[in-house]
Amino acid sequence: MSEIDHFILLCSEKRQKAYSEVVSSAEHPVEIVPSPEEALRACVRNPPLAVIVDMVTGMRAGNANTSLLALYNLELNWPVLRGTAKKNEPVMVLSTSPQISAPFCEGLLAIACEDPQWGRRESPRKFIRQEIQCRARVRMKENGEWQRGTIMEMSTGGCFIVSYEPLPVESLIDIEIQDLSETPIIADARIVWIRNWEDGIKLPGMGLQFVYNDVPPELANALSNSFL
């Protein structure tokens, strides 16, 4: 999985033709998905600069669609916008908080340039975290000894692993993740913080940041499937 600034467009197959010209003209890649469930999976696998929900597709999905509600309620630093594609009118993107609209490509470029008018959330989080319990092993890059632990939460950006003997901060490590797929998944990571047993009542362990450009596709796919 590579870190590419991209957008996700939630648009039914019947509506995609209305967006085809502006999508092909956009300066950043636009991944088109046909359902709210696929939009959520895509966001888990590879967080976007923004999600654009075609208004007609969103209305047909209905307020009862829990995947669409989850998409709107995620407290992350990328916005969820609406898209309109009407006959004989320019394709537009709209934000409701704050209220602002722009032609499709112009709006996407402004978001990519971090224009504050588009109301990106204050939350620093880009990745969708999940509470996941699975076994894992870690080892220093220069040391072949594996140390066992249990992952408690994870995203494609990193994870928290319970350990009573945390390794030093900034260490570059290998992590072997079990129980998410038929075979263990090995990824590269860096330790960004640690918490010792003596530090308080919270579980001791390590906060790991994955090397994003090298996150194995099988890990991203496993996380996207488990989210739903």
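Throughout, read-outs are computed from the coordinates displayed, never taken from laboratory work. Here the structure is a predicted model, which is why all the values come from computation and not from measurement. All Cβ positions, glycine included, derive from the backbone under ideal geometry; neighbour counts span all protein chains shown.
General remarks:
- 10 Å beta-carbon shell around residue 60, net charge (K/R +1, D/E -1): +1
- Environment charge of residue 76, counting only residues whose C-beta is closer than 13 Å and scoring Lys/Arg +1, Asp/Glu -1: +3
- Inter-label distance for residue 125 and residue 101, nm, one decimal - labels placed 7 Å from Cα along Cα-to-Cβ: 3.2
- The value given for the stretch 130-227 is a Kirkwood hydrodynamic radius of 13.3 Å, derived from the mean inverse Cα-Cα separation.
- Once both labels are positioned 7 Å from their Cα atoms along Cα-to-Cβ, the gap between residue 153 and residue 14 label points is 4.0 nm.
- Compared with the alpha-carbon gap, the fully stretched path from residue 193 to residue 176 is longer by 4.2 nm at 0.36 nm per residue.
- Euclidean distance between Cα centres, the stretch 16-64 to the stretch 208-227, Å: 21
- Ranked list, fewest to most other Cβ atoms within 10 Å of each Cβ, for 188, 5, 54: 5, 188, 54
- Counted charge near residue 141, where neighbours are those whose Cβ lies closer than 11 Å (Asp, Glu -1; Lys, Arg +1): -1
- Among (i) 15.5; (ii) 12.3; (iii) 14.1, the entry derived from the coordinates for mean projected area of the Cα convex hull in nm²: (iii)
- Over the chain: helical MRE at 222 nm, DSSP H runs n ≥ 4 each giving -39500 (n - 2.57), nearest 500: -7000 deg cm²/dmol
- Distant-in-sequence amide H partners of residue 156 (H built 1.01 Å from N, under 5 Å): 128
- Scaled against the 2.2 N^0.38 Å expected of a compact globular protein of N residues, the Cα radius of gyration of the stretch 4-65 reads 1.07.
- Whole-percent P(r), the stretch 7-118, all Cα pairs, 5 Å bins from 0: 2, 12, 26, 26, 22, 10, 2, 0.
- 206, 59, 92 arranged by Cβ crowding within 10 Å, fewest neighbours leading: 59, 92, 206
- Cα gyration tensor, the stretch 188-228 - rounded (a/c under 1.5), prolate or oblate: oblate
- Listed by chain and number, the lysines whose alpha-carbon sits under 28 Å from that of residue 17, ignoring those within fewer than 8 places in the same chain, are 86, 87.
- Taking trypsin sites (Lys or Arg not before Pro) across the stretch 151-228, the ones in a DSSP loop with at most 15 further Cβ atoms lying within 10 angstrom of their Cβ are 202.
- Difference of contour (0.36 nm per residue) and Cα-Cα distance, residue 169 to residue 5: 56.2 nm
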